[in-house]
Amino acid sequence: MIDMEIVPAGNETITEFVLLGFYDIPELHFLFFIVFTAVYVFIIIGNMLIIVAVVSSQRLHKPMYIFLVNLSFLEILYTSTVMPKMLEGFLQEATISVAGCLLQFFIFGSLATAECLLLAVTAYDRYLAICYPLHYPLPMGPRRCMGLVVTTWLSGFMVDGLIVALVAQLRFCGPNHIDQFYCDFMPLVGLACSDPRVAQVTTLILSVFCLTIPFGLILTSYARIVVAVLRVPAGASRRKAFSTCSSHLAIVTTFYGTLMILYVAPSAVHSQHLSKVFSLLYTVVTPLFNPVIYTLRNKVVYQALRKILCIKQTLD
């Protein structure tokens with residue numbers, strides 16, 4: 001059980017943080033460890049299968065699936081940055097050095113920003129494919145597609161690199177207990193002994209820019225897709241399109257909604273318990289459902305996976 005006595009470190013600069021995680025319900029720690037370990041394994045295996053299926057099937061070498069492969073790879077890195085420390089916290093006190101904490105926040109934040117942009121690019125790709133099928137190859141050619149992928153990744157690391165550079169200038173002299181299961185921005189700057197306002201204002205501005213603009217693009221893309229689908233005669237194709245759009249919007253809204261609440265309007269969260277629940281939604285729930293929502297329900301990907309598994313069984 002974690003000792004919850006918070007001892008101020010005076011004026012001494014601290015060298016490590018303690019991630020409290022879900023310290024207040026120790027009786028559920030073992031159960032949480034089992035459940036979240038299974039979830040983590042499912043996320044890794046599910047996204048790895050998607051990557052293998054797309055890479056090994058020539059039919060899937062298209063912009064849509066290139067974006068989804070990057071999304072799957074991103075999800076693997078995303079959860080692997082946060083969940084090992086969370087799982088450690090269920091078994092023992094989870095400590096992390098100040099440098100390690102900043103590194104975790106940098107990688108996690110960069111990947112989260114990249115995912116925001118990648119989801120917007122994916123929605124825009126679907127809009128072009130459905131609404132302008134004849135002109136689709138021109139705006140989504142191989143070079144343009146790879147350019148968009150590289151831009152999303154670089155943008156994520158550049159944006160959060162600036163934020164981490166500002167946070168790294170802060171002085172931490174105690175206490176050193178972070179009431180979260182990973183190194184998040186708000187709990188981290190809340191422990192700073194120096195003035196964090198520059199980092200806070202910069203993060204707010206970048207969060208508004210990197211969340212609202214991609215989310216607006218996603219909503220606009222799907223709104224136009226819905227209008228285009230309504231022009232199609234009622235039938236199985238229309239139902240399938242609506243089912244796909246609603247599934248995509250559900251997971252996107254969960255992801256963007258929780259991020260906006262925590263980073264754009266943090267005052268809306270009145271307790272740290274609620275903050276942890278919201279954090280679980282975008283660190284665990286969306287990576288868990290993304291493989292199913294975006295790819296495993298796709299008939300072409302499903303056939304590619306079956307082919308791979310059948311070949312493996314034959315070789316065995």
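Going residue by residue through region 284-306, is there one that turns out to be touching an Asp or Glu at 6+ places or on another chain (Cβ under 7 Å), closer than 25 Å to VAL208 by Cα and modelled with pLDDT under 80?
Among the residues of region 284-306, at least one is touching an Asp or Glu at 6+ places or on another chain (Cβ under 7 Å), closer than 25 Å to VAL208 by Cα and modelled with pLDDT under 80, which makes the answer yes.
Give region 49-63 a look and list any residue that's open to solvent by 50 Å² or more (accessible area, probe 1.4 Å) and either over 27 Å from ALA304 (Cα atoms) or outside any helix (DSSP H, G or I) (or both), or say none.
Passing the criteria: HIS61, LYS62.
Could you say which residue among VAL208, VAL189 is without any contact (Cβ under 8 Å) to a residue 24 or more places away in the chain and in contact with a helix residue (DSSP H, G or I) (Cβ under 8 Å, 6 or more places away or on another chain)?
VAL189
State whether the residues of region 153-164 include one that is touching a residue at least 60 places away in the same chain (Cβ under 8 Å), within 30 Å of LEU20 (Cβ to Cβ), surrounded by 14 or more Cβ atoms within 10 Å (Cβ to Cβ) and charged (D, E, K, R).
no
Might you check whether a residue that is free of Cβ contacts under 8 Å to residues at least 12 places away in the same chain and either outside any helix (DSSP H, G or I) or open to solvent by 50 Å² or more (accessible area, probe 1.4 Å) (or both) occurs anywhere in region 115-126?
No, there is no match, as no residue in region 115-126 is free of Cβ contacts under 8 Å to residues at least 12 places away in the same chain and either outside any helix (DSSP H, G or I) or open to solvent by 50 Å² or more (accessible area, probe 1.4 Å) (or both).
Can you pull out every residue in region 68-107 that is touching a residue at least 24 places away in the same chain (Cβ under 8 Å) and of a type in the set (Asp, Glu)?
Those that are touching a residue at least 24 places away in the same chain (Cβ under 8 Å) and of a type in the set (Asp, Glu): GLU75, GLU93.
Is there a residue being within 30 Å of THR15 (Cβ to Cβ) and surrounded by 14 or more Cβ atoms within 10 Å (Cβ to Cβ) anywhere in region 139-148?
The answer is no; no qualifying residue exists.
Here is a list of conditions, (1) assigned to a helix (DSSP H, G or I); (2) closer than 30 Å to ILE25 by Cβ, and PHE67 meets all of them except one; can you say which number that is?
Exception for PHE67: condition (2).
Based on what the data block shows, is LEU128 among the hydrophobic types (A, V, I, L, M, F, W, C) and closer than 27 Å to THR203 by Cβ?
It is false that LEU128 is among the hydrophobic types (A, V, I, L, M, F, W, C) and closer than 27 Å to THR203 by Cβ.
Scan region 165-194 residue by residue and report those that are open to solvent by 30 Å² or more (accessible area, probe 1.4 Å) and either under 16 Å from CYS210 (Cβ atoms) or of a type in the set (A, V, I, L, M) (or both).
ALA165, LEU166, ALA168, MET186
Does PHE106 qualify as being under 14 Å from CYS183 (Cα atoms), aromatic (Phe, Trp, Tyr) and either in contact with a Lys or Arg (Cβ under 9 Å, 6 or more places away or on another chain) or at pLDDT 90 or above (or both)?
For PHE106, the condition - under 14 Å from CYS183 (Cα atoms), aromatic (Phe, Trp, Tyr) and either in contact with a Lys or Arg (Cβ under 9 Å, 6 or more places away or on another chain) or at pLDDT 90 or above (or both) - is met.
Quick one: which helices (runs of 4 or more DSSP H) lie wholly within region 139-258 and hold at least 1 residues that are more than 30 Å from PHE90 (Cβ to Cβ)?
Because the criterion is at least 1 residues that are more than 30 Å from PHE90 (Cβ to Cβ), the helices (runs of 4 or more DSSP H) in region 139-258 that meet it are 142-168, 197-230.
Each row is one residue, and each column tells you yes or no for (1) within 19 Å of the chain's Cα centre (by Cα); (2) crowded, with 19+ Cβ neighbours inside 10 Å; (3) over 27 Å from LEU188 (Cα atoms).
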| site | (1), (2), (3) |
| --- | --- |
| PHE22 | no, no, no |
| PHE32 | no, no, no |
| ALA38 | yes, no, yes |
| ILE44 | yes, no, yes |
| ASN47 | yes, yes, yes |
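The values are calculated or read from the model by the stated rules, or taken from the named source; none is laboratory data. None of the values given here were measured: they were computed from a predicted structure. Here the Cβ is made from the backbone with ideal geometry for all residues, glycine too, and neighbour counts use every protein chain on show. Keep in mind that these areas ignore ligands, DNA and RNA; they rest on the heavy atoms of the full protein, side chains included. Shrake-Rupley method; radii C 1.70, N 1.55, O 1.52, S 1.80 Å.
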